1. Using a 1.4 angstrom probe and counting only protein chains, how large is the accessible area of residue 72 in Å², to 10?
2. Report residue 28's accessible area, 1.4 Å probe, all protein chains in place, as a number in Å² to the nearest 10.
3. Suppose every Lys and Arg Cβ carries +1 and every Asp and Glu Cβ carries -1, with no other charges. What dipole size does the stretch 17-62 come out with about its Cα centre, to the nearest 20 debye?
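The values are calculated or read from the model by the stated rules, or taken from the named source; none is laboratory data. Since the model is a prediction, treat every value here as computed from it, not as a measurement. Positions of Cβ are generated from backbone atoms using ideal geometry, with glycine treated the same way; all protein chains shown enter the neighbour counts. The area values use the complete protein model at the heavy-atom level, side chains included, leaving out ligands, DNA and RNA. Shrake-Rupley method; radii C 1.70, N 1.55, O 1.52, S 1.80 Å.
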Amino acid sequence: SSGLKFHQLLWFRSLHNSVMTSFAERLKEYHRSLRPKRGDELSMKQVAYFFGGLYAVVHLLQYFDLWTLLIFATVGYVLYRQAQNTLQFVSMAGEDSNSQQNSQHERTIKGKAKGKKMRGGDRGEQAKN
């Protein structure tokens, strides 16, 4: 009976060690994947934008509390996305109408060209006769 408990304890420990080892390996791999790669350094423009935004937030905190700034930022972002989507929709509608007009114009030109070819071909045969 004590031998059986000892074997169960050894089995449980080996199972626990293998699970923890695989977990540790997965955690190490995840940490490795999050580490920045050599070519992924920040540009000076990104650093400048970060510090400019940080300065703006600190400056605005003199006049507004944090919750008000968060609400303003959220409302500003929603309005920005709405304006961006509206402009994209208008430009897509303009491209669609332009492409429709161009295709109608091309059909008209092709129709006129075919008509001229047919008339021109008739004249050429008449001149031969």
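1. Roll a 1.4 Å probe over it and residue 72 shows about 120 Å².
2. Approximately 110 Å² of residue 28 is accessible to the 1.4 Å probe.
3. Details: 7 positive and 4 negative charges, 24 e Å.
Rounded to the nearest 20 debye, it is 120 debye.
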